[in-house]
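Remarks on the structure that follows.
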2 protein chains.
Amino acid sequence: MSQAVTSVPHPIPVDLSDLIAQRFRVIGEPLRIRLLDHLRDGESSVHALTNALGATQQNVSKHLQVLFQAGIVARRKDGTTAMYRIVDSSVFDLCELVCGGLQRQVAEMNAVVRGETR
Amino acid sequence: MSQAVTSVPHPIPVDLSDLIAQRFRVIGEPLRIRLLDHLRDGESSVHALTNALGATQQNVSKHLQVLFQAGIVARRKDGTTAMYRIVDSSVFDLCELVCGGLQRQVAEMNAVVRGETR
DNA sequence: GGCATTGACAACTGTACGGTCGTAGACCAT
DNA sequence: ATGGTCTACGACCGTACAGTTGTCAATGCC
């Protein structure tokens, strides 16, 4: 699907780098990552997410707003509750890639600590 | 060994979300993205990167420091010049994934603008 | 109707960080 | 040795943003 394009040649346009950076910053918040992780099970309400994450309702609502404006989640009003769901699931691929890099670094640090201290 | 790629089950640990978020913030700066994009062609010196990006030497050095401490680039001293190279090429996969999401959004916005406003 | 609950918005505060300036240290050439 | 070049470090300033608090609109329940 969206696997095809992904141009971004070496001379990356400045505007594009701004957009990409902005996107990364949106996902670069711990609470937002945990929010998305919970939404992985399906759509959920602000109240449920608030209880699940142990954060205040206002803060959860605020971060969901950021994710909504970034086009990562969608909102649906169900009577009195607002239901949020993920519409751009590529964020999970991003997290998995990052985790791969982190695990690589941990392994490397382990090797160093265990005796190859340079 | 550390081959277990991308665990991160639904109840994501808070510590891990912090690590992932920190990682995203490292890449979430336009200048750093452009820096990495230039290093895609191979290792380069601070001076060369400074000229290529039109930024100040101090700023380039500073951002390279951040990328270095994050384990994304490596440093090599060649006489009087410092040569930087990429050691974690997964950042490019990250950028491509983000670009895919962006293009999807642009396409959607185009569709809306062109008449399906409904 | 009156009350409680849910979610969003606005204002505020503290902190973190990007960018710049100045300077110190290391290396090379003459 | 001296001057010039390249890089890194420390300090400062301005901005951006995360988190909190307070308030209001909308809805459901009695």
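The values are calculated or read from the model by the stated rules, or taken from the named source; none is laboratory data. If you're wondering where the values come from, they're calculated on a predicted model, not measured in any experiment. Counting neighbours? That spans all protein chains shown, and the Cβs are built from the backbone with ideal geometry, glycine included. Please note that ligands, DNA and RNA were not included when accessible areas were found on the heavy atoms of the full protein model with its side chains. Shrake-Rupley method; radii C 1.70, N 1.55, O 1.52, S 1.80 Å.
So here's what we get for this one:
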quantity: Filtered residue count, segment B:31-71, keeping only those that are assigned to a loop (DSSP other than H, G, I, E, B), of a type outside the set (Val, Ile, Thr), within 13 Å of DNA strand C (Cβ to nearest atom) and more than 11 Å from the chain's Cα centre (by Cα); calculated: 2
quantity: Some residue of segment B:72-93 being part of a helix (DSSP H, G or I), under 18 Å from A:PRO13 (Cα atoms) and among the hydrophobic types (A, V, I, L, M, F, W, C); calculated: yes
quantity: Qualifying residue in segment B:98-107 (condition: exposed (fewer than 15 other Cβ atoms within 10 Å of the Cβ), within 14 Å of another protein chain (Cβ to nearest Cβ) and assigned to a helix (DSSP H, G or I)); calculated: yes
quantity: Boolean, B:SER7 is open to solvent by less than 70 Å² (accessible area, probe 1.4 Å) and either within 14 Å of DNA strand D (Cβ to nearest atom) or modelled with pLDDT under 95 (or both); calculated: no
quantity: Flag if B:SER61 is polar (S, T, N, Q), over 16 Å from A:ASP18 (Cβ atoms) and either modelled with pLDDT under 90 or open to solvent by less than 30 Å² (accessible area, probe 1.4 Å) (or both); calculated: no
quantity: Segment A:77-106 - residue that is charged (D, E, K, R) and more than 10 Å from DNA strand C (Cβ to nearest atom) and, of those, modelled with the highest pLDDT; calculated: A:ARG85
quantity: Positions within segment A:37-93 being within 10 Å of DNA strand D (Cβ to nearest atom) and of a type in the set (A, V, I, L, M, F, W, C), in sequence order; calculated: A:ALA55, A:VAL60, A:VAL66
quantity: Residue satisfying all of: in segment B:75-97; at the interface with chain A (Cβ under 7 Å from one of its Cβ atoms) and aliphatic (A, V, I, L, M); surrounded by the fewest Cβ atoms within 10 Å (Cβ to Cβ) among these; calculated: B:LEU97
